[in-house]
Structure formats: structure tokens, C-alpha cells
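The values are calculated or read from the model by the stated rules, or taken from the named source; none is laboratory data. Given the structure is predicted, the values throughout are model-derived calculations rather than measurements. Note: ideal-geometry Cβ built from the backbone for every residue, glycine included; neighbour counts use all protein chains shown. To get the accessible areas, we keep the full protein, side chains included, count just its heavy atoms, and leave off ligands, DNA and RNA. Shrake-Rupley method; radii C 1.70, N 1.55, O 1.52, S 1.80 Å.
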Amino acid sequence: MVFCLLVFSVSEGFSIEKKIEIGGKTGWDAIAVEEGLTKSPGRFGAEALVLDSAVLPGSENAELLISFEDNSVSDETGNYNVVSSGARVVSGGAVGKKAGQTAGAGSGIVLSGTTGTMFGTEGWTGSFTIEFWLCPSVIDDGEVILSWNSSRNVAGYSLYQIINAGFSGNKVQWSFVNVFAGYTDNQGEVTLEGTKTLIPGEWSRHVLSFDESNGLLEYRVNDLIEDIRYLTVSAKERGTVYPVNLGYPSDLELCPSYSGKIDSFRILPKSNAESWDSFFYTTDKGQIPLKYNVEGGFFETEPLLVQEGSVLRSINADIAVPGETAVQFFVRGGDNYYNISETDSPWVPVELGAPITGIKGHFFQIAAKLFPDGAGLKTPTVTSITVTYYEQEPPTAPYYIRITPGDGFIDISWSHSIDNVTGYYVYYGERPGEYLGRIAIEGASPVYVKADNSVRLSGLTNGKIYYFAIASEYNGVIGPLSEEFFARPLLKYY
């Protein structure tokens, strides 16, 4: 368990105010149970808890979806077969928790489309959208992210076709060769140039779409338009459209020579002309094509071990709750750290910053539920949690001790501690500083003496020296040991 313990100030009575910080700069290692959540950059660069993605809007209409969330490289729609793959599934995805990672030439993904899919059927494709997230390890000119090569028959001649996306000058460049039927300028090649300089180690979202209704070919990065072309006779919005006509079905290659992560690769058989604001959720990474589970998510910390008898005062949290979202917190405490039960330690809902009463013990535990908005487009964020509690200040040890040895016993008496006490522990043993005695009739060390200031330890061996120390106890909190003293029981002669 990892958490931060900070001592602040002495409060009224014999208690000390203390704080436990979870999350923030300390991290989330204290989280024991987590469901429906993932981590995302929060305030001041700290890692925050947010709702995990549950639905990709429009995925029910996608003809290809590789999310890597099921720890496999596969098309979740079943429309494409994975011919081969050198990609690994790794943690730290842009959407959800997983992503695919490739390491240059030979580590890409080769897909074969079934009949009826864009790359598995010869002929007119209509409108379409191709989208994915990239997090490159390096950015070298010539690295290829997507590649499709085929040919189609035109008037008895074979016309080669290429769709390619790759790096050029730290940007992504798209190339379409002989893909748009009737388009012959520049030897049939159409190129879209990215303007955003990509940075190794940073995620960016890429969307390429074609709208057959007006011939618009558009490339976006993080929802910002990078380049557009109108594939019409007039090269403007109005005019006869050059439609996409693909030739013989051929394999689609993803990341055939790319080093880095890729996530949520998707092909939709429609353009991206719908309203972006209603279709995607805006974050600091751009537009994320997500919807969140309307049931939300939750987490529980592991029991936070504190001094026995501690009293929980309040909890605070650094949270963000966009419109219609919510976060509800719960706490509980108890004495049995290893056998927590709902009957003995029920969860209690609490308000942030409000005084908490009735929660005390040897451990505290925090839980929270995170709820999205009704449309599932927004998530609350929890960046850190601060737990404030009072710890009982240990009572001081007795300062005056008297011992009287006898025949097989030793009588011990002491002045009461100057603090409130509910009892005393008498430690004994046969070596200095080692109070491991087990021989006394009154019990093994330490012997508990409740609300009294004397005890006789009997059953001891005459002539053997014994060492003793006493500690005060108040409501389960044991204070420091007194100074050590010793005595030797002896048989008396009369």
C-alpha cells in the first residue's frame, strides 16, 4: 500500500490531526477495487480517475473496429480477418486502457475484408470514414501507417491503385492513386498534407473521410481540419463528383513500417459530415469518439491502516464535475483490518468537506461512484482525495515505579500516568530490553492491568533476575514504555 502521511497540528484534547493523501502526486496505488474507470491527465499534470469508454458512437455501423480492449488484435465487427499480425497489445491506450504497438517493418497488421466491405469488394464504395489514434515512438520519413494496393480494369487495361498514409516531415501525408474514377489530373494522384507536427510519445486522433454527395475529401487531426479537396469536375463544392471505385479485393495493411502505438482503428461506411459536437466528446486530446456507460464506474481504496482508536473527521477531493455529471463518496472504518464485513463496517455516504461522525477504528476505507451525463458524453474527474482524521496521542508512561521481590513473586506498583488511561501493560523478561516472559501465572508478557496501579507476578523462579517496563493504555492506544527496572525473587529464611 502506498499513501502519503502528513502530521499537521495538535488539536484540542489529547489528539493529533493527521491527513492521508490519495492520488495527485502520490499516485493511485492505494486503489484496491476499480471498475469502469481509467486514468487520464488531471490538474497540474497529476494522473486522474475518469470513466472508461463503454461505447464508440456509430460502432454498431462500423465495418471495421480494432480497439485492442479484449487483449487481442482482431476486428470486433467480424467483417475483416487478420491474415497476420506482429503487433503487441499494450497498456496506456488513447481510448480505453489498451492499444496496439508495432516496432517497424514486419510488425504490422494485415487484414482481409469479406464480401460487402470497402476493401473486400470490387466497385463503388460510396462515402466512408477512416479514423485512428497514433502515438509514435519515433517519426521517420517514409514510415507507413496504412497501405492498400490493387488494380482495376479500365477499357481493357489494368490500372494500378494505391491508398497510402505515412510520415513526411513529422506530419501525416495521404496519397490516393487512381482511386477516384474519372480523375486524371496529376496522373490520377490526389494528396492530402497534414499541417500538425506530431510529437513522439503524444497521442493524436486522425480522421480521413470522403462524402460522395459533394465530393469532399477531408483530413482532420484532433478535430482540426488539416487539408481538404473537392473531387469534382469544378474542384469546388458544386459539380459532378469523381466517385471512389476500387478494383480487385486486396489486403489492407496497418502499420507495415511504423514504430509506436495505434488505437481504435475504425472504418465507417459513411462520411464524417454529421455534427462533431454531438458525436464526440472534447478533451485536451481533441475530440474523443466516446460514450460513457450511463451506469458509471466506481473505486474502493484498500483499508488505510491508522492508529487504533483514530476518528475520521472529513474527506476532501480535487474533482471536476461537468454539467449533469456527479461523484458520490462513501467511507467506513473498523478495527478488524483483515476481516472487514459490511455488517460490522457498513459504507456511509458523505459530503466533501462536511464533518463526519461515528467513523473510528484501526483502519479507514474510501469509495466513490462516478456518473456521466445523461447522454454519456461527459465524465467527472477525480484528481486527488485528502482524508483528515484524529489520532489519539499516546498516554505517557508511569513516572514512579516501586518493586518488592518475594518468594517466587515480585510485587510491582506505580503512580498513575498524568494522562487519562484505561489500563496498563506490564512487560517482563529475562534479558534487558527483551520482554518475552511466559512463566508468570498471571500470563505471558505483557500482562494487562485494567484501571489499577499494582500487580503481583507470581510463579517466578527464585534467584533469577527479571527485567520490567510499564506502558499506559487509553482506548486501545498504547503509549511508550517506562524506564526499565529489574528484580530478583528470593526464598527468605526466617
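Here are a few things to note about the model shown:
- Filter result for the condition that a residue is at pLDDT below 85 and either surrounded by fewer than 16 Cβ atoms within 10 Å (Cβ to Cβ) or not hydroxyl-bearing (S, T, Y) (or both), over N71, N79, N61: N61
For every residue, the table says whether it meets (1) modelled with pLDDT of 90 or more; (2) open to solvent by 50 Å² or more (accessible area, probe 1.4 Å); (3) under 30 Å from V95 (Cβ atoms).
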{"residue": "S310", "(1), (2), (3)": "no, no, no"}
{"residue": "N336", "(1), (2), (3)": "no, yes, no"}
{"residue": "T343", "(1), (2), (3)": "no, yes, no"}
{"residue": "G361", "(1), (2), (3)": "no, no, no"}
{"residue": "Q365", "(1), (2), (3)": "yes, no, no"}
{"residue": "G374", "(1), (2), (3)": "no, yes, yes"}
{"residue": "T379", "(1), (2), (3)": "no, no, yes"}
{"residue": "T383", "(1), (2), (3)": "yes, no, yes"}
{"residue": "Q392", "(1), (2), (3)": "no, no, no"}
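- Take the conditions (1) open to solvent by less than 30 Å² (accessible area, probe 1.4 Å); (2) among the charged types (D, E, K, R); (3) within 17 Å of G126 (Cβ to Cβ); R205 misses just one of them, which is (3).
- Residues that are within 30 Å of K360 (Cα to Cα) and crowded, with 18+ Cβ neighbours inside 10 Å within the range 481-494 comprise just one, S482.
- Residue in the range 88-117 that is nearest to F167 (Cα to Cα), counting only those that are in a loop (DSSP other than H, G, I, E, B) and open to solvent by 20 Å² or more (accessible area, probe 1.4 Å): A105
- The number of residues in the range 452-480 being open to solvent by less than 70 Å² (accessible area, probe 1.4 Å) and over 28 Å from E393 (Cα atoms) comes to 9.
- Residues in the range 268-305 that are modelled with pLDDT of 80 or more, open to solvent by 10 Å² or more (accessible area, probe 1.4 Å) and not in a loop (DSSP other than H, G, I, E, B): F298, E300, L305.
- Residues of the range 170-187 classified as over 23 Å from G92 (Cβ atoms) and surrounded by 12 or more Cβ atoms within 10 Å (Cβ to Cβ), total: 12
- Of all residues making up the range 380-415, the number that are over 54 Å from the mean Cα position of the chain (by Cα), within 19 Å of S472 (Cβ to Cβ) and small (G, A, S): 2
- Among the residues listed as Y474, Y425, Y494, Y400, the single one being under 27 Å from D335 (Cβ atoms), of a type in the set (S, T, Y) and modelled with pLDDT under 95: Y474
- Where I410 falls short, out of the listed (1) surrounded by fewer than 16 Cβ atoms within 10 Å (Cβ to Cβ); (2) modelled with pLDDT of 95 or more: (1)
- Within the range 435-451, being closer than 21 Å to Y400 by Cα, of a type outside the set (S, T, Y) and either buried (at least 16 other Cβ atoms within 10 Å of the Cβ) or under 49 Å from the mean Cα position of the chain (by Cα) (or both) holds for P446, V447, V449, K450.
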